[in-house]
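In what follows, a single structure is set out as C-alpha coordinates and then discussed.
The values are calculated or read from the model by the stated rules, or taken from the named source; none is laboratory data. These numbers come from a predicted model, not from an experiment. Here Cβ is always computed from backbone atoms with ideal geometry, including for glycine, and neighbour counts include all displayed protein chains. Just so you know, the surface numbers come from the protein's heavy atoms only, side chains and all, with ligands and any DNA or RNA stripped out. Shrake-Rupley method; radii C 1.70, N 1.55, O 1.52, S 1.80 Å.
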Amino acid sequence: MERRDFIKAGLVACAAGLVPLTGCASGGEAPSAAQGASGKRWALVVDERKLNRAGVLDRIIEACHKAHNVPAIEGEKTAVKWIWPESFEHAFPDIASTYVSEGVEEMEFPMLCNHCEEPPCVRVCPTKATFKRPDGIVSMDYHRCIGCRFCMGACPYGARSLNFDDPRLHLAEIDPAYPTRVRGVVEKCMLCSERIDKGMPPLCAELSQGAILFGDLNDPDSDVRRALAKGFSIRRRVELGTGPSVYYIVEGGEQRA
Amino acid sequence: MARRKLTLIFIGVFCLIMVAPFILGAGKAHSAPELDLNTPEIAALDVKECIEPVEYMRSSHMTLLDEWRNDVVREGKTDYVSSSGQVYEMSLDDTCLSCHSNPDAFCESCHAYSNVELYCWECHGLTDDGVVGKG
(Lines give C-alpha, C1' and ligand atoms only; values in the text may rest on other atoms or scores of the structure.)
Protein backbone atom coordinates (compact mmCIF):
# COMPACT_ATOMS: atom_id res chain seq x y z
CA MET A 1 0.00 0.00 0.00
CA GLU A 2 1.27 3.43 -0.80
CA ARG A 3 1.82 5.96 1.87
CA ARG A 4 -0.90 8.22 0.43
CA ASP A 5 -3.47 5.37 0.38
CA PHE A 6 -2.57 4.41 3.92
CA ILE A 7 -3.24 7.92 5.24
CA LYS A 8 -6.51 8.16 3.31
CA ALA A 9 -7.71 4.85 4.70
CA GLY A 10 -6.73 5.99 8.19
CA LEU A 11 -8.73 9.20 7.87
CA VAL A 12 -11.79 7.30 6.68
CA ALA A 13 -11.50 4.90 9.60
CA CYS A 14 -11.22 7.81 12.08
CA ALA A 15 -14.30 9.51 10.65
CA ALA A 16 -16.25 6.26 10.84
CA GLY A 17 -15.18 5.85 14.45
CA LEU A 18 -16.38 9.32 15.42
CA VAL A 19 -19.98 8.80 14.29
CA PRO A 20 -21.08 6.48 17.13
CA LEU A 21 -19.29 8.71 19.66
CA THR A 22 -21.44 11.74 18.87
CA GLY A 23 -24.32 10.05 20.67
CA CYS A 24 -22.35 10.19 23.94
CA ALA A 25 -21.96 13.96 23.99
CA SER A 26 -25.35 14.90 25.35
CA GLY A 27 -27.45 12.34 27.18
CA GLY A 28 -30.88 13.17 28.53
CA GLU A 29 -31.22 16.63 30.04
CA ALA A 30 -30.88 16.37 33.80
CA PRO A 31 -33.41 18.42 35.76
CA SER A 32 -31.94 21.63 37.10
CA ALA A 33 -30.45 21.23 40.55
CA ALA A 34 -32.28 24.20 42.03
CA GLN A 35 -35.66 23.03 40.74
CA GLY A 36 -35.77 19.50 42.08
CA ALA A 37 -38.12 16.89 40.66
CA SER A 38 -40.51 17.42 43.56
CA GLY A 39 -40.47 21.18 42.99
CA LYS A 40 -39.43 21.72 46.60
CA ARG A 41 -36.17 22.90 48.00
CA TRP A 42 -36.11 22.71 51.77
CA ALA A 43 -34.03 25.27 53.61
CA LEU A 44 -33.39 26.65 57.07
CA VAL A 45 -33.23 30.33 57.93
CA VAL A 46 -31.60 31.09 61.26
CA ASP A 47 -32.58 34.41 62.79
CA GLU A 48 -29.41 34.99 64.79
CA ARG A 49 -30.77 37.77 66.98
CA LYS A 50 -33.83 35.77 67.98
CA LEU A 51 -31.86 32.57 68.51
CA ASN A 52 -29.26 34.15 70.76
CA ARG A 53 -31.90 36.05 72.70
CA ALA A 54 -33.88 32.86 73.27
CA GLY A 55 -30.74 31.02 74.36
CA VAL A 56 -32.07 27.68 73.16
CA LEU A 57 -29.18 26.53 71.00
CA ASP A 58 -27.67 24.21 73.61
CA ARG A 59 -31.03 22.61 74.20
CA ILE A 60 -31.58 22.18 70.45
CA ILE A 61 -28.20 20.50 70.02
CA GLU A 62 -28.85 18.17 72.93
CA ALA A 63 -32.31 17.26 71.66
CA CYS A 64 -31.08 16.69 68.10
CA HIS A 65 -28.23 14.45 69.18
CA LYS A 66 -30.46 12.55 71.53
CA ALA A 67 -33.23 12.01 68.99
CA HIS A 68 -30.79 10.78 66.34
CA ASN A 69 -28.60 8.68 68.61
CA VAL A 70 -25.50 10.76 67.91
CA PRO A 71 -22.72 9.40 70.14
CA ALA A 72 -21.05 11.75 72.61
CA ILE A 73 -17.35 11.36 71.83
CA GLU A 74 -14.64 13.76 72.98
CA GLY A 75 -11.79 14.88 70.77
CA GLU A 76 -11.59 17.23 67.82
CA LYS A 77 -11.00 14.49 65.26
CA THR A 78 -13.11 11.69 66.69
CA ALA A 79 -16.13 13.73 67.79
CA VAL A 80 -19.42 13.01 66.02
CA LYS A 81 -21.68 16.00 65.53
CA TRP A 82 -24.75 16.86 63.53
CA ILE A 83 -25.23 20.40 64.85
CA TRP A 84 -22.82 22.45 66.92
CA PRO A 85 -22.22 26.07 67.93
CA GLU A 86 -19.54 28.27 66.42
CA SER A 87 -18.47 31.88 66.76
CA PHE A 88 -18.85 34.36 63.91
CA GLU A 89 -15.09 34.34 63.37
CA HIS A 90 -15.00 30.58 62.91
CA ALA A 91 -18.31 30.25 61.10
CA PHE A 92 -17.52 32.94 58.54
CA PRO A 93 -13.70 33.22 58.43
CA ASP A 94 -13.87 34.66 54.92
CA ILE A 95 -15.86 37.70 55.94
CA ALA A 96 -14.84 38.04 59.59
CA SER A 97 -13.58 41.47 60.50
CA THR A 98 -10.74 42.22 62.88
CA TYR A 99 -12.84 44.70 64.81
CA VAL A 100 -16.23 43.11 65.28
CA SER A 101 -18.74 44.45 67.74
CA GLU A 102 -19.03 42.76 71.08
CA GLY A 103 -22.53 41.60 70.22
CA VAL A 104 -21.35 39.82 67.08
CA GLU A 105 -18.31 38.39 68.84
CA GLU A 106 -20.47 36.76 71.48
CA MET A 107 -23.04 35.45 69.03
CA GLU A 108 -23.36 31.72 68.59
CA PHE A 109 -24.08 30.36 65.14
CA PRO A 110 -25.53 26.88 64.75
CA MET A 111 -23.42 24.88 62.31
CA LEU A 112 -24.91 21.95 60.45
CA CYS A 113 -25.02 20.32 57.04
CA ASN A 114 -25.90 23.01 54.51
CA HIS A 115 -27.81 20.67 52.20
CA CYS A 116 -26.07 22.24 49.25
CA GLU A 117 -27.55 22.79 45.85
CA GLU A 118 -24.35 21.36 44.36
CA PRO A 119 -23.12 19.09 47.14
CA PRO A 120 -19.44 18.19 46.74
CA CYS A 121 -19.88 15.24 49.10
CA VAL A 122 -22.34 13.65 46.66
CA ARG A 123 -19.90 14.15 43.80
CA VAL A 124 -17.06 12.31 45.48
CA CYS A 125 -18.98 9.47 47.14
CA PRO A 126 -17.82 6.31 45.36
CA THR A 127 -20.80 4.18 46.43
CA LYS A 128 -23.63 6.72 46.12
CA ALA A 129 -24.20 6.36 49.84
CA THR A 130 -24.59 10.12 49.94
CA PHE A 131 -27.14 11.47 47.53
CA LYS A 132 -29.40 14.44 46.98
CA ARG A 133 -33.10 13.89 47.32
CA PRO A 134 -35.47 15.58 44.85
CA ASP A 135 -36.54 17.97 47.61
CA GLY A 136 -32.96 19.19 48.07
CA ILE A 137 -32.06 17.26 51.21
CA VAL A 138 -28.57 15.79 51.05
CA SER A 139 -29.16 12.42 52.62
CA MET A 140 -27.22 9.28 53.37
CA ASP A 141 -27.81 5.58 52.97
CA TYR A 142 -25.72 4.29 55.85
CA HIS A 143 -26.00 0.75 54.51
CA ARG A 144 -23.84 1.76 51.59
CA CYS A 145 -21.21 3.86 53.35
CA ILE A 146 -17.77 2.22 53.25
CA GLY A 147 -16.13 4.86 55.45
CA CYS A 148 -13.67 6.12 52.81
CA ARG A 149 -14.11 9.68 54.13
CA PHE A 150 -13.90 11.31 50.68
CA CYS A 151 -17.05 13.23 51.62
CA MET A 152 -15.41 14.54 54.76
CA GLY A 153 -12.56 15.91 52.69
CA ALA A 154 -14.94 17.35 50.12
CA CYS A 155 -17.32 19.09 52.53
CA PRO A 156 -16.13 22.68 53.04
CA TYR A 157 -18.26 23.00 56.18
CA GLY A 158 -16.89 20.15 58.27
CA ALA A 159 -20.42 18.86 58.64
CA ARG A 160 -19.47 15.19 58.46
CA SER A 161 -18.09 12.89 61.12
CA LEU A 162 -16.71 9.37 60.99
CA ASN A 163 -17.54 6.84 63.65
CA PHE A 164 -14.08 5.75 64.74
CA ASP A 165 -15.66 3.60 67.42
CA ASP A 166 -18.87 1.67 67.95
CA PRO A 167 -21.32 4.54 68.55
CA ARG A 168 -23.53 2.46 70.85
CA LEU A 169 -20.73 2.45 73.41
CA HIS A 170 -20.99 6.23 73.62
CA LEU A 171 -24.74 6.56 73.97
CA ALA A 172 -26.11 7.05 77.46
CA GLU A 173 -29.48 5.89 76.22
CA ILE A 174 -30.68 4.80 72.81
CA ASP A 175 -33.77 6.37 71.31
CA PRO A 176 -35.61 3.45 69.70
CA ALA A 177 -37.28 5.73 67.15
CA TYR A 178 -34.06 6.15 65.15
CA PRO A 179 -31.45 3.59 64.12
CA THR A 180 -27.89 3.87 65.40
CA ARG A 181 -24.84 3.64 63.15
CA VAL A 182 -21.81 1.36 63.18
CA ARG A 183 -18.08 1.86 63.38
CA GLY A 184 -16.56 2.97 60.09
CA VAL A 185 -19.60 4.86 58.83
CA VAL A 186 -19.78 8.60 58.20
CA GLU A 187 -22.80 10.49 59.49
CA LYS A 188 -24.25 13.98 59.40
CA CYS A 189 -27.42 16.03 59.74
CA MET A 190 -30.18 14.79 57.41
CA LEU A 191 -32.45 17.81 57.96
CA CYS A 192 -34.78 15.46 59.88
CA SER A 193 -35.91 13.88 56.61
CA GLU A 194 -37.73 11.22 58.64
CA ARG A 195 -39.83 13.99 60.22
CA ILE A 196 -40.30 15.90 56.96
CA ASP A 197 -41.60 12.73 55.29
CA LYS A 198 -44.26 12.62 57.98
CA GLY A 199 -45.14 16.28 57.50
CA MET A 200 -43.28 17.61 60.53
CA PRO A 201 -40.62 20.36 60.56
CA PRO A 202 -37.02 19.53 61.56
CA LEU A 203 -36.46 19.21 65.29
CA CYS A 204 -34.17 22.26 65.49
CA ALA A 205 -36.81 24.47 63.87
CA GLU A 206 -39.51 23.12 66.16
CA LEU A 207 -37.52 23.74 69.33
CA SER A 208 -36.13 27.15 68.32
CA GLN A 209 -39.10 29.23 69.47
CA GLY A 210 -39.36 30.72 66.00
CA ALA A 211 -35.69 31.54 65.62
CA ILE A 212 -35.01 28.84 63.03
CA LEU A 213 -37.43 28.87 60.14
CA PHE A 214 -37.97 25.89 57.89
CA GLY A 215 -39.56 26.03 54.47
CA ASP A 216 -39.46 25.73 50.73
CA LEU A 217 -37.11 28.10 48.92
CA ASN A 218 -38.99 27.60 45.66
CA ASP A 219 -42.19 28.97 47.19
CA PRO A 220 -42.12 32.80 47.29
CA ASP A 221 -44.80 32.81 50.01
CA SER A 222 -42.97 30.44 52.36
CA ASP A 223 -41.76 31.59 55.77
CA VAL A 224 -38.16 31.27 54.72
CA ARG A 225 -38.52 33.33 51.58
CA ARG A 226 -40.44 36.05 53.41
CA ALA A 227 -37.82 36.19 56.15
CA LEU A 228 -35.03 36.38 53.57
CA ALA A 229 -36.84 39.15 51.71
CA LYS A 230 -37.07 41.22 54.87
CA GLY A 231 -33.59 41.07 56.38
CA PHE A 232 -29.92 40.76 55.53
CA SER A 233 -28.81 37.19 55.29
CA ILE A 234 -25.50 35.44 54.83
CA ARG A 235 -24.50 31.90 53.96
CA ARG A 236 -21.25 30.07 54.57
CA ARG A 237 -18.60 29.92 51.82
CA VAL A 238 -20.91 30.86 48.92
CA GLU A 239 -17.90 31.66 46.76
CA LEU A 240 -17.29 27.92 46.39
CA GLY A 241 -20.51 27.56 44.41
CA THR A 242 -21.98 24.87 46.62
CA GLY A 243 -25.23 26.79 47.08
CA PRO A 244 -25.84 26.20 50.78
CA SER A 245 -29.47 26.02 51.95
CA VAL A 246 -28.85 27.29 55.47
CA TYR A 247 -29.21 31.05 55.75
CA TYR A 248 -28.26 33.22 58.70
CA ILE A 249 -30.09 36.49 59.22
CA VAL A 250 -27.87 38.92 61.07
CA GLU A 251 -28.52 42.48 62.21
CA GLY A 252 -30.44 43.72 59.21
CA GLY A 253 -33.21 45.97 60.36
CA GLU A 254 -31.76 49.13 58.91
CA GLN A 255 -34.33 51.28 57.20
CA ARG A 256 -33.59 53.15 54.02
CA ALA A 257 -34.11 56.89 54.40
CA MET B 1 3.87 -54.43 38.64
CA ALA B 2 4.68 -52.71 41.94
CA ARG B 3 3.78 -49.45 40.39
CA ARG B 4 0.37 -50.71 39.35
CA LYS B 5 -0.28 -51.90 42.88
CA LEU B 6 0.62 -48.48 44.27
CA THR B 7 -1.74 -46.80 41.82
CA LEU B 8 -4.59 -49.07 42.87
CA ILE B 9 -3.92 -48.35 46.56
CA PHE B 10 -3.86 -44.65 45.82
CA ILE B 11 -7.19 -44.80 44.00
CA GLY B 12 -8.69 -46.82 46.84
CA VAL B 13 -7.52 -44.39 49.54
CA PHE B 14 -8.58 -41.42 47.45
CA CYS B 15 -12.10 -42.77 46.98
CA LEU B 16 -12.32 -43.62 50.66
CA ILE B 17 -11.39 -40.07 51.65
CA MET B 18 -13.86 -38.62 49.18
CA VAL B 19 -16.81 -40.66 50.40
CA ALA B 20 -15.86 -40.44 54.08
CA PRO B 21 -18.07 -37.40 54.79
CA PHE B 22 -21.08 -39.18 53.33
CA ILE B 23 -20.42 -42.34 55.30
CA LEU B 24 -19.80 -40.47 58.55
CA GLY B 25 -22.79 -38.20 58.06
CA ALA B 26 -25.23 -40.92 57.05
CA GLY B 27 -28.35 -40.93 59.14
CA LYS B 28 -27.39 -37.72 60.91
CA ALA B 29 -29.49 -35.39 58.76
CA HIS B 30 -29.92 -31.92 60.19
CA SER B 31 -33.52 -31.16 60.87
CA ALA B 32 -34.86 -28.05 59.19
CA PRO B 33 -34.85 -24.99 61.45
CA GLU B 34 -38.00 -24.38 63.39
CA LEU B 35 -39.41 -20.89 63.38
CA ASP B 36 -40.31 -19.50 66.74
CA LEU B 37 -43.52 -17.52 66.36
CA ASN B 38 -44.14 -17.52 70.06
CA THR B 39 -44.16 -13.85 70.96
CA PRO B 40 -46.77 -12.04 73.04
CA GLU B 41 -47.46 -9.70 70.12
CA ILE B 42 -48.25 -12.54 67.73
CA ALA B 43 -50.27 -14.34 70.39
CA ALA B 44 -52.42 -11.23 70.73
CA LEU B 45 -53.25 -11.15 67.02
CA ASP B 46 -56.74 -12.22 65.99
CA VAL B 47 -55.70 -13.33 62.54
CA LYS B 48 -52.20 -14.71 62.61
CA GLU B 49 -50.84 -13.62 59.27
CA CYS B 50 -47.83 -11.65 58.11
CA ILE B 51 -48.03 -8.63 55.82
CA GLU B 52 -47.78 -10.92 52.78
CA PRO B 53 -48.50 -14.65 52.34
CA VAL B 54 -46.12 -16.94 54.19
CA GLU B 55 -44.71 -18.48 50.99
CA TYR B 56 -43.81 -15.06 49.66
CA MET B 57 -42.27 -13.96 52.94
CA ARG B 58 -40.22 -17.15 53.11
CA SER B 59 -38.85 -16.86 49.62
CA SER B 60 -38.65 -13.10 49.15
CA HIS B 61 -38.46 -11.28 52.49
CA MET B 62 -34.95 -10.12 51.62
CA THR B 63 -36.18 -8.54 48.37
CA LEU B 64 -39.01 -6.87 50.23
CA LEU B 65 -36.66 -5.46 52.86
CA ASP B 66 -34.27 -4.25 50.17
CA GLU B 67 -37.12 -2.47 48.39
CA TRP B 68 -38.30 -0.95 51.65
CA ARG B 69 -34.83 0.34 52.39
CA ASN B 70 -34.52 2.05 49.03
CA ASP B 71 -38.05 3.44 49.19
CA VAL B 72 -37.60 4.86 52.68
CA VAL B 73 -34.02 6.07 52.48
CA ARG B 74 -33.92 7.28 48.89
CA GLU B 75 -37.52 8.07 47.95
CA GLY B 76 -38.79 9.23 51.33
CA LYS B 77 -41.80 6.89 51.18
CA THR B 78 -43.27 5.51 54.37
CA ASP B 79 -46.31 3.41 53.44
CA TYR B 80 -46.34 -0.08 52.00
CA VAL B 81 -49.52 -1.38 50.41
CA SER B 82 -49.62 -5.15 50.70
CA SER B 83 -51.14 -7.49 48.12
CA SER B 84 -54.29 -7.61 50.26
CA GLY B 85 -54.59 -3.83 50.17
CA GLN B 86 -53.53 -3.24 53.77
CA VAL B 87 -51.21 -0.31 54.46
CA TYR B 88 -48.15 -0.87 56.62
CA GLU B 89 -45.31 1.43 57.62
CA MET B 90 -42.12 0.44 55.84
CA SER B 91 -39.98 -0.09 58.90
CA LEU B 92 -37.89 -3.02 60.10
CA ASP B 93 -38.05 -1.76 63.66
CA ASP B 94 -41.64 -0.60 63.86
CA THR B 95 -43.35 -3.13 61.60
CA CYS B 96 -41.34 -6.37 61.39
CA LEU B 97 -39.92 -6.39 64.89
CA SER B 98 -43.12 -5.21 66.52
CA CYS B 99 -44.48 -8.73 65.97
CA HIS B 100 -41.23 -10.68 65.62
CA SER B 101 -39.79 -9.29 68.82
CA ASN B 102 -37.56 -12.35 69.13
CA PRO B 103 -35.14 -11.92 66.21
CA ASP B 104 -32.50 -14.00 67.97
CA ALA B 105 -34.83 -16.97 67.72
CA PHE B 106 -36.95 -16.10 64.69
CA CYS B 107 -34.44 -14.63 62.24
CA GLU B 108 -31.30 -16.33 63.48
CA SER B 109 -32.64 -19.89 63.41
CA CYS B 110 -32.84 -19.94 59.62
CA HIS B 111 -29.88 -17.69 58.99
CA ALA B 112 -27.63 -19.74 61.22
CA TYR B 113 -28.85 -22.90 59.46
CA SER B 114 -28.07 -21.45 56.04
CA ASN B 115 -24.87 -19.81 57.32
CA VAL B 116 -25.94 -16.27 56.46
CA GLU B 117 -24.63 -13.75 58.92
CA LEU B 118 -27.14 -11.12 59.97
CA TYR B 119 -25.82 -7.76 61.06
CA CYS B 120 -29.07 -5.79 60.99
CA TRP B 121 -28.95 -5.48 64.76
CA GLU B 122 -25.79 -3.42 64.73
CA CYS B 123 -27.99 -0.45 63.84
CA HIS B 124 -31.58 -1.69 64.02
CA GLY B 125 -33.44 -3.82 66.50
CA LEU B 126 -34.62 -0.84 68.50
CA THR B 127 -38.17 -1.34 69.63
CA ASP B 128 -40.17 0.31 72.35
CA ASP B 129 -39.19 -2.58 74.60
CA GLY B 130 -35.52 -1.70 74.16
CA VAL B 131 -32.82 -3.21 72.02
CA VAL B 132 -33.62 -6.60 70.59
CA GLY B 133 -31.22 -8.78 68.67
CA LYS B 134 -27.60 -9.47 69.42
CA GLY B 135 -26.42 -5.88 69.07
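The table below lists the values:
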read-out: Subset of segment A:40-82 that is among the acidic types (Asp, Glu) and farther than 19 Å from A:Pro179 by Cα - its residue that is most open to solvent (accessible area, probe 1.4 Å); value: A:Glu76
read-out: Test: residue in segment A:167-181 that is within 14 Å of chain B (Cβ to nearest Cβ) and more than 18 Å from A:Lys66 (Cα to Cα); value: no
read-out: Condition met for B:Ile23 (open to solvent by less than 90 Å² (accessible area, probe 1.4 Å), more than 14 Å from every other protein chain (Cβ to nearest Cβ), aliphatic (A, V, I, L, M) and over 17 Å from the mean Cα position of the chain (by Cα)); value: no
read-out: Residues within segment B:50-66 that are more than 20 Å from A:Cys145 (Cβ to Cβ) and within 14 Å of chain A (Cβ to nearest Cβ), tallied; value: 1
read-out: Cross-chain or 6+ apart pairs with Cβ under 9 Å, segment B:118-135 first and more than 7 Å from chain A (Cβ to nearest Cβ), then at pLDDT below 70 and crowded, with 18+ Cβ neighbours inside 10 Å; value: B:Leu118/B:Gly133; B:Cys120/B:Gly133; B:Trp121/B:Val132; B:Trp121/B:Gly133; B:Gly125/B:Val132; B:Gly125/B:Gly133
read-out: Residues of segment A:122-165 classified as small (Gly, Ala, Ser) and not in a loop (DSSP other than H, G, I, E, B), total; value: 4
read-out: Single residue of segment A:196-210 satisfying the filter (open to solvent by 40 Å² or more (accessible area, probe 1.4 Å) and farther than 24 Å from A:Phe88 by Cβ) that is nearest to the other protein chains (Cβ to nearest Cβ); value: A:Asp197
read-out: Residues that are over 16 Å from the mean Cα position of the chain (by Cα), farther than 21 Å from A:Cys64 by Cβ and away from chain B (no Cβ under 14 Å), drawn from segment A:104-152; value: A:Val104, A:Glu105, A:Glu106, A:Pro126, A:Ile146, A:Cys148
read-out: Any chance A:Ser193 is farther than 28 Å from A:Asn52 by Cβ, touching a strand residue (DSSP E or B) at 6+ places or on another chain (Cβ under 7 Å), within 14 Å of chain B (Cβ to nearest Cβ) and polar (S, T, N, Q); value: no
read-out: Count of segment B:74-116 residues which are more than 14 Å from chain A (Cβ to nearest Cβ) and acidic (Asp, Glu); value: 2
